[in-house]
Amino acid sequence: MTDQHLITLTVNGADHELLVSARRTLVDAIRHDLRLTGTHVGCEHGVCGACTILVDGAPARACLMFAVQAEGRDIRTVESLGAPDDLSDLQTAFADNHGLQCGFCTPGFLMLAEGFLSENTSPSRDEIREAVSANLCRCTGYQTIVDAIEDCAARRCQSHGPAGDAAGGSCPGRTRPQHEPRPA
Amino acid sequence: MSSVTKSEHREPRFETDGTWVGASVRRREDPRLVSGRGQFVDDIALPGMAHAQFVRSTVAAGEVVDIDLTETRRTPGVLAAYTAADLDLGDITAILERPLSEFVPTDMPVLARDRVRFTGEPLAIVLAEDPYAAEDGVEAARVTYSASTAVVSDDQALAEGAPLVHDNAPKNTLLDVSMFATDGIEDVFASADCVVDVVARSARQNALPLETRGVVVSWEERDEQLLVRTCTQVPHQVRTVMARCLGRDERTVRVVVPDMGGGFGQKCVVGREEIAAGAAAIRLGRPVKWIEDRRDALSAAFLAREQRYEARAAFDSEGRILALDADIVCDMGAYSCFPFSAGIEPLMASAEMPGVYRVPAYRVRGRAITTNKAPSAPYRGVSRPQYVMVMERLFERAARELDLDPVEIRRRNVITEFPYTGVNMVTYDPGSYLEALNLCEELVRAEGWYEFQREAAAQGRTVGIGYCCFNERTGYGSDAFAKRKMMVVPGFDLSEIRMDTSGSVVVTSGTMNHGQSHETTLAQIVATQLGIDVAKVKVQQGDTDRITYGWGTFASRSVTIGGSAVSLAADRLGVKLRHIGAHLLDTEIDNVELHRGTVRHRDDHERAVPFTDIADAAYLRANRLPKDTEPGLTETASFDTPGDGTFANATHAVVVELHPGTGKVEILRYLCVEDCGIAIHPQVVEGQCRGGIAQGIAGALFESVTYDAQGEPSCASFIDYKVPTASEIPDVEIHHLETPCAFTESGAKGVGEGGTIGAPAAVLNAVNDALRPTGIELDQTPITPETVQRALETLDTLEPQT
Ligand code: FES
Ligand code: FES
């Protein structure tokens, strides 16, 4: 258990040299060795998503990877999004829509959404809901998290135009709130 | 009086009239939380810090023959390992002031000594250089047990000759009270037009805050203090128990709470692991960190909600309830929690079961039993999800018997005159029980769900509509808790407010934020009171050295009681500001008012002194103060809800579809009409409702902590304990009614628990409505797909005949 490995982790664009044991999880290396404590741990078995980060641009569970496996990968954590006095549009959307209460799950949801929105720039509400169901939140009931991501996608679309449509095209309107009953 | 106001998110009106209350302002805590700069317990690292893990019992019941930690101590990285014998700690004991015939106090040792009572019970604490080594150390421990038969169900616990979980608790009963028994109630049942009964069960649940429990303890030499940084809803109570168990003066323990990732009641009782970590830190001479892992949180943390009801109700031919009779058994697991004791669930249910209905005759027996399962703590809503579910089932069943509309039978029975003193001797403050029910039904009708249900049925689809009406006591003051006869009586709260020379304000509150936005809502109250920008107000909580005393956050008490204390303190500071301001303006106090950071003359607005000038006089040039005035701008106030407290209320409606083949219950629509009095921050109110409803749906359809016959927990991971995700929880539309509360300073009632209370009954009623053609009625939660599937198969066999 004492086999140590000298590795270099690239996190939020900076390289860090670390001496870690083979069994050290990536999330522990990020949180405790690099002191980037924004990424949280809720289960250590890959279900809750509190530890979600971006690895080479795609959401990944940092509790399910060993630090040694992450060498040479491009890692992004919540700290890369924006600082308290300079929040990103996604972070602002979470705050505006009350997409968080205790805030413990929030970094995981933000990184999940960041990865998701880079893949799907104009998702439907159902697609967002499905993507978001990868992570657990115990406080919000999820609705406002879906709202926040939908809001962010709509705002991005308004400012850049829908992806792949150079002419601007039409942005999907926000479907919230859905007050009509479903058709029979 | 209740006035209907649709939800609206007002912008702050400070620019026009200085009012922050009622506006959904940006939350003060959000910027740090969305940027990963929050600080939770596990984010804290101290030099020389050791990491703790616990050796836990692998059997549910038995004697501990031997704990051999030789290999543990030899494990690389392990620093020390201590058993109960090494630490010599006092026990945690929760007491009710009731005769032994009603309540049996039991001790919960910090680390089990000679006997274990549930799988997962801590036996020894292992300290290591890192958490990995601590786990290695735990694995190397050898414990020898002489296992005995585990008691794992209420039937087994109450059976004649059952093994005893605690030797001093006969019949495995920790509490047995019959709080109410109306004379002649049997005659009422005998002569009633309609008598219905229900046997209902609800499964054991885990409150499951996403952040597990945890603590970092260090000895601070300069302060002669043990600094305990932990995620708890009740910091002062943790300090008391920690000091008592360690045999120290209370001043030598300081509890500080950082950001907290939820609690929902699981963190409003004192845990054993925190105390053991404190003792270990002293013994080892190094700071100690313990972070509960999810496996321990699922199998050994405090649980809740496992209850059985045998209830019946008598009605007249018009559907008016005449009598209610209930026998309630709550399985509280292996130990009584501190401070609430094992009485928490049965006492709540016994005292409050009649709820929103005019019940003229009432008899109830409530029991807390002990079993070889992880102990129980309060969980959001405490018993109300269960007894409300039972009440609502009784009404639904009576409606069927009497061929009445399920909403109409409720309408005929809800309390409409206030204040109303019930058969349970509780006086309800004004609410909008009938208005909420009517509005909720109107919304369901207006959206066309009844037609939808009919048309769906014609196509062979199975759709149901269910309602739930309830209230929740929110401002439990000392008087209300005293009725429980607890040896420690929660209730009041204290607040201190200080203004500094820059005119900014720090206000303390004995409540404890863990997601409810106190940092924002309490600041809104103060900012409104003083007429300053909300950004000028900092709310401070969760530090027993800085906060005189407090009862923490539970039972939706924070805005009602904490908010009122904060408001009164601000009021006093306002008086002092006016007093000094009037002196500086050379006029009388009655001639001046607070306005946007100044004290100004009421008639001559040009004559005004900014708060900074007043603070300058109060601190830096005290010679300018009026002669009778002490320097400084610090005021304190306390608040306690008088009488029986405050009651928020709501009606929930839900439309479900049952899917043949899978037995899935799909929620098509969820509506909530709630009344929490004045909403300080409407967005936060809605957030509380939605989060609560999600947990209520979790209880209704998904979550169940189960054990095998030996008492081995069968859900120690998220694979087995099904927590609903965004795919299972629907959007919830919320409408607000506003019945301002006469007791609280802001007119607000609490709102933390309502969602959890309403959802199980509403969902169960909707499922039963859908199953109506089968004649099957379900009275248990969670409603499993298997049960639904079986019921739907009955429908198949019925269909050819109809
Ligand atoms: S901590 Fe990684 S998924 Fe839960
Ligand atoms: S905001 Fe608390 S867990 Fe999501």
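The values are calculated or read from the model by the stated rules, or taken from the named source; none is laboratory data. Here the structure is a predicted model, which means the values were calculated and not measured. A quick note on method: Cβ atoms are made from the backbone with ideal geometry, for glycine too, and the neighbour counts reach across all protein chains shown. The accessibility values were calculated without ligands, DNA or RNA, using every heavy atom of the protein model including side chains. Shrake-Rupley method; radii C 1.70, N 1.55, O 1.52, S 1.80 Å.
Data table
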read-out	value
Residue list for region A:1-42, filter: in contact (Cβ under 8 Å) with a residue 60 or more places away in the chain and in contact with a helix residue (DSSP H, G or I) (Cβ under 8 Å, 6 or more places away or on another chain)	A:His5, A:Ile7, A:Leu9, A:Val11, A:Asn12, A:Gly13, A:Gly38, A:Thr39, A:His40, A:Gly42
Cβ-Cβ under 9 Å pairs, at least 6 apart or on other chains, region A:58-69 side over 22 Å from A:Leu117 (Cβ atoms) and touching a residue at least 60 places away in the same chain (Cβ under 8 Å), far side within 10 Å of ligand 1 (Cβ to nearest atom) and of a type in the set (S, T, N, Q)	A:Ala67/A:Thr25
Candidates B:Ser746, B:Ser704, B:Ser717, filtered to the one that is within 27 Å of A:Cys43 (Cβ to Cβ) and over 21 Å from the mean Cα position of the chain (by Cα)	B:Ser717
Selected residue [touching a strand residue (DSSP E or B) at 6+ places or on another chain (Cβ under 9 Å), touching a residue at least 24 places away in the same chain (Cβ under 8 Å) and more than 14 Å from every other protein chain (Cβ to nearest Cβ)] from B:Glu292, B:Glu274	B:Glu274
Count of region B:33-62 residues which are under 28 Å from the mean Cα position of the chain (by Cα), within 14 Å of another protein chain (Cβ to nearest Cβ), in contact (Cβ under 8 Å) with a residue 40 or more places away in the chain and not in a loop (DSSP other than H, G, I, E, B)	6
Conditions (1) in a loop (DSSP other than H, G, I, E, B); (2) within 14 Å of another protein chain (Cβ to nearest Cβ): number failed by B:Gly711	(2)
Selection from region B:657-679 of residues that are farther than 22 Å from B:Thr744 by Cα and open to solvent by 10 Å² or more (accessible area, probe 1.4 Å)	B:Glu657, B:His659, B:Pro660, B:Gly661, B:Thr662, B:Lys664, B:Val665, B:Glu666, B:Ile667, B:Leu668, B:Arg669
Region B:57-78: number of residues that are of a type outside the set (D, E, K, R) and either open to solvent by 70 Å² or more (accessible area, probe 1.4 Å) or over 18 Å from B:Glu129 (Cα atoms) (or both)	10
Per-region count, region B:197-253, residues more than 22 Å from B:Arg294 (Cα to Cα) and part of a strand (DSSP E or B)	13
Filtered residues of region B:640-683 (kept if under 30 Å from B:Leu577 (Cβ atoms) and outside any strand (DSSP E or B))	B:Asp640, B:Thr641, B:Pro642, B:Thr646, B:Ile678, B:Ala679, B:Ile680, B:His681, B:Pro682
Enumeration of residues in region B:174-217 that are within 16 Å of ligand 2 (Cβ to nearest atom) and more than 30 Å from B:Asn372 (Cα to Cα)	none
Count of residues meeting criterion [within 16 Å of ligand 2 (Cβ to nearest atom) and either under 16 Å from B:Arg546 (Cα atoms) or among the β-branched types (Val, Ile, Thr) (or both)] in region B:507-518	2
From the options B:Arg320, B:Arg367, B:Arg380, B:Arg286, residue that is within 14 Å of chain A (Cβ to nearest Cβ) and either of a type in the set (A, V, I, L, M) or open to solvent by 10 Å² or more (accessible area, probe 1.4 Å) (or both)	B:Arg380
Members of region B:419-443 found to be β-branched (Val, Ile, Thr) and touching a helix residue (DSSP H, G or I) at 6+ places or on another chain (Cβ under 8 Å), listed by number	B:Val426
Any strands (runs of 3 or more DSSP E) falling wholly within region B:585-639 and containing at least 1 residues that are of a type in the set (S, T, N, Q)	B:598-601, B:634-639
Flag for A:Gln101 being touching a Gly at 6+ places or on another chain (Cβ under 7 Å), within 16 Å of ligand 2 (Cβ to nearest atom), at the interface with chain B (Cβ under 8 Å from one of its Cβ atoms) and open to solvent by 10 Å² or more (accessible area, probe 1.4 Å)	yes
Residue that is aliphatic (A, V, I, L, M) and open to solvent by less than 20 Å² (accessible area, probe 1.4 Å), where the choices are B:Ala615, B:Ala709	B:Ala615
Count of residues meeting criterion [surrounded by fewer than 23 Cβ atoms within 10 Å (Cβ to Cβ) and more than 29 Å from B:Thr706 (Cβ to Cβ)] in region B:117-132	3
Flag if B:Val654 is crowded, with 24+ Cβ neighbours inside 10 Å, touching a helix residue (DSSP H, G or I) at 6+ places or on another chain (Cβ under 9 Å) and over 26 Å from B:Gly475 (Cβ atoms)	yes
Residue in region B:756-765 that is within 14 Å of chain A (Cβ to nearest Cβ), surrounded by fewer than 24 Cβ atoms within 10 Å (Cβ to Cβ) and within 21 Å of B:Phe264 (Cα to Cα) present	no
All positions within region B:727-746 that are over 18 Å from B:Gln683 (Cβ atoms) and more than 14 Å from chain A (Cβ to nearest Cβ)	B:Thr739, B:Pro740, B:Cys741, B:Ala742, B:Phe743, B:Thr744, B:Glu745
Unmet criterion (only one of (1) open to solvent by 10 Å² or more (accessible area, probe 1.4 Å); (2) out of contact with any Gly (no Cβ under 6 Å at 6 or more places or on another chain); (3) of a type outside the set (Phe, Trp, Tyr)) for B:Arg690	(2)
B:Glu221, sole failed condition from (1) surrounded by 15 or more Cβ atoms within 10 Å (Cβ to Cβ); (2) on the phi < 0 side of the Ramachandran plot	(1)
Which listed residue is within 21 Å of B:Glu274 (Cβ to Cβ) and open to solvent by 20 Å² or more (accessible area, probe 1.4 Å), from B:Asp136, B:Asp155, B:Asp107, B:Asp114	B:Asp107
Residue under evaluation A:Pro84, criteria (1) open to solvent by 10 Å² or more (accessible area, probe 1.4 Å); (2) more than 13 Å from ligand 2 (Cβ to nearest atom); (3) more than 9 Å from chain B (Cβ to nearest Cβ), criterion not met	(3)
